[in-house]
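See structure below.
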Amino acid sequence: MFIYLLLQYGFINTCLKSLVVEKYGEETWEKLRLQAGVQDSFLTFEVYKDEITMQLVDKACKVLGVPADIVLREFGKYFFEFCKRSGYDHMLRTLGGNLYEFIENLDALHSYLSLSYQEMNAPSFRVEKNEDGSMHLHYYSDRRGLCHIVPGIIGAAALDFFNIEISMKIVNQTEEEERTGKKEHIVFLVTQNPLFPCKERNEFSSSAQCLVDSEKQIENQLNKEDLEKAKNANGDRGNSVCPVKKSHWKTLRGIITLGKGKLLRGFDPVYPKSLWIDTKTFCNGLPFHMVFDKELKVKQAGVSIQKIVPGLQTMGICLDQYFRIIHPEVPFTISSIQKFINSQFVFQTRREMMPESWKERPMLELRGQMMWMEPLQCMLYLCSPLLRSLHELEERQMHIADIAPHDVTRDLILLNQQRLAEMELSSQLERKKEELRILSKHLEEEKKKTEALLYAMLPQHVANQLKEGKRVEAGEFKECTILFSDVVTFTNICAQCEPIQIVLMLNSMYLRFDRLTTVHDVYKVETIGDAYMVVGGVPVPVPTHAERVANFALGMIMAAKGVQNPVSGDPIQIRVGIHTGPVLAGVVGEKMPRYCLFGDTVNIASRMESHGVPSKIHLSSSAYQCLKYKNFEITERGEIEVKGKGKMHTYFLIRNKSATENEIMGRPMKDLDSGHESVQSFPEGKTETIPSSHQPATQTQQKKDQTPTIAMKYVDGPTDAQNSLKRRNQMKAGDLTGKTCDSKSDGSLHGNQHADDGPRPPNQGRVKPAAEEPQNRNVRSNFCTLL
């Protein structure tokens, strides 16, 4: 039906997408589309290959697990509704007054729409009535496997337009050799049953009986009137005839056929005894008609077709020598033409039989109706030039005047010219819309990348406030855990290596550390050179901040063993320091703003790192208090002299007694069983070689993406979460707005910094030149430690 006309156009694929999305969801369509390997959207007036639609239907059957005939039937029903919503409702509804007429005029609809959809390849339909009221629908198409769409569409149209339910089953299926090759010929048996609810059916039966009774009354009354008028006529014979007013029964007689109860739709026509038109007038009035007999010999032709094809002036020539049948695709024989007598026929002139003036022009096509004249045993072909636009008219060097004034082809050419212009404009708008959609999609992707980059630099809620132009107020966190780490002998390594080797080493190390921040959900504050700073419980307060940072530190020690020292070839060593306490956090600066931490807690955490031991995790007493009952193995270091703080009692974190290495490193358990190790972490003794030559940094990133990151589970009670939310709301309320930059800022938060702290002493196992000291202090300032 209409679906096959648009099968080559994007309209049909758009409908299929709409069906899947509406009934099964966007995810199912995306899965189906990817399996079929087609694009996401289609342009309505764009021509696509049939294979795309066939592939979509095939994948839909597999994805949905439904047989092809059911999918096609449901698609046919949906397509009918989709066409109605798209504005084709009135066009389809006016094809016929009943289902037989509707099907009979489908080919005419295809012929009309071909004026706009010039790339169409429509099927043919032929319908036959049976004595029992059923019909045989003959369907011809060179597209195999789509016949099950027909019952879906015809059934939906019958129910919607004519209020009848039909059943269609295939009674015959063959392949016929036609002019363009083999065509699929399917014969459907169509049986129909009117849809009358019980109440309406009873009313219908009673009204029918009333109609019969009323007809009998009308007949008796009419007979009585006839008798009375006959008597009056005999009595008044000889008198002058006076006009008599017709009774209402006479009027009724002109409307109703007695005993039938039907309006006179099929009236009996009256024909003249002889044809009151001469041959010349007939050939001039119908300039594009032809009459031929069973042998296809031309008996008569209109003047315009004679002018274009002079060979037709020779009566008795065979019509198939000058024309070929374009539609329907049947052999040029009387029997084939009679089989499709209700279809519109399209003839095309043969180039070899045309005059020299037509050799360079496109061939003329004629479209019209076949009428079989039984008394003459001849076929009449009433036709007109098939021209879609003024451009086609000019290409054939024809004029509007060549077409008879009564022929609507004149109006059709002009109207279709406007229609084609509108279609071209609509197509351009659709293409622009698609381009804008693609650009919008790309813009959304770039926006996500930008947001991801922004969220990597700032906490998400802080970044969102900055995007909205809001001021981010500083917030106080009563308890959090801060970690510092650096590489042992980093200065010596820098002095003996190429810069690119240092970059590759740090990149390899930081990729591992960054992954661990995701595993344990801690916030990475900043990295400067070899130094790495992390905080737990900020910017989102959690009660397990100390456990998260402790596990992160254990993971850092493990991960560092997988990074090679480019000088010695041995795994690098890092120092880690952890301290727990209160901080103030806020955004500093407008250009490249940073989320910084302020307070003495930052200083002490930095001191724990600088006074630490290679490959050890140095804990302050407050960090120890938070971890001592949390299944961690901790050893006491004792009292040490800490610069600017005096003597402090510190500890070393050894291991987590309840968590496995895979859990701490965020590796899937199956990696260990299969012998494959996570890329971000390496067992002790296994290192990753950092070559001296430059490697693309993307290789490490690609390896990183191959192993999934498994977040470690922590138990944060609902009460603690509620307190955290309440605390965060208090921060946003700005209770500390005026205090951040006043005495508190210069007092407890910054007290014994710069003034009390002298130069940083050399660390154990770490040799740095004297010139490095001021620079290192500036580095720590960027960390907001304000040493």
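The values are calculated or read from the model by the stated rules, or taken from the named source; none is laboratory data. Note that the coordinates shown come from a computational prediction; the quantities given were computed from them, not determined experimentally. Here Cβ is always computed from backbone atoms with ideal geometry, including for glycine, and neighbour counts include all displayed protein chains. Protein only, heavy atoms only, side chains kept; ligands, DNA and RNA dropped before computing areas. Shrake-Rupley method; radii C 1.70, N 1.55, O 1.52, S 1.80 Å.
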Please report the accessible area of Met315 (heavy atoms, 1.4 Å probe, ligands and nucleic acids excluded) in Å², nearest 10. 100 Å²
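Less than 10 Å Cβ to Cβ from His611, Lys/Arg counted +1 and Asp/Glu -1: what total charge do the surrounding residues give?
+3
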Note down the accessible area of Leu511, probe 1.4 Å, to the nearest 10 Å². 30 Å²
Rank these by accessible area, largest first, 1.4 Å probe: Asp411, Asp600. Asp411, Asp600
Separation of the Ser427 and Thr518 label points, Cα + 7 Å toward Cβ, nm: 4.7 nm
For region 343-351, take each phi angle, set θ = phi - 60°, evaluate the Karplus expression 6.51 cos²θ - 1.76 cosθ + 1.60, and give the result in whole Hz per residue in order, putting x for glycine and proline. 8, 7, 9, 10, 9, 10, 5, 8, 4
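If packing is taken as the average count of other Cβ atoms within 10 Å, what order do 574-585, 498-509 fall into, highest mean first? The partial results should precede the final answer.
Numbers: 574-585: 24.9, 498-509: 17.8.
Packing proxy ranking, top to bottom: 574-585, 498-509.
Students sometimes get this wrong: rank Asp320, Asp132, Asp407 by accessible area, probe 1.4 Å, all chains present, largest first.
Sorted by accessible area, descending: Asp132, Asp320, Asp407.
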Going down the list Lys17/Lys169; Lys77/Lys169; Lys561/Lys628, which pairs span over 22 Å between their C-alpha atoms? Lys17/Lys169; Lys561/Lys628
For the pairs Lys49/Lys432; Lys31/Lys467; Lys183/Lys339, flag any whose C-alpha to C-alpha distance is greater than 25 Å. Lys31/Lys467
Roughly how many percent of the accessible protein surface of region 279-399 is carbon and sulfur, given a 1.4 Å probe and a whole-percent answer? 51 percent
Arg437: accessible area at probe 1.4 Å, nearest 10 Å²? 90 Å²
Could you provide, to the nearest whole Å², the per residue accessible area of region 538-579 with probe 1.4 Å? 22 Å²
Sort 467-477, 363-373, 423-433 by the packing proxy (mean of other Cβ within 10 Å over each peptide's residues), most packed first. 363-373, 467-477, 423-433
Filtering chymotrypsin sites (Phe, Trp or Tyr not before Pro) in region 265-295 by DSSP loop and by at most 12 other Cβ atoms within 10 Å leaves Phe267, Trp276
Determine, from the Cβ-Cβ distance of Thr709 and Arg655 and an R0 of 22 Å, the FRET efficiency 1/(1 + (r/R0)^6), rounded to the nearest 0.05. 0.50
Compare Arg637, Arg594 by solvent-accessible area with a 1.4 Å probe and give them largest first, with all protein chains kept in place. Arg594, Arg637
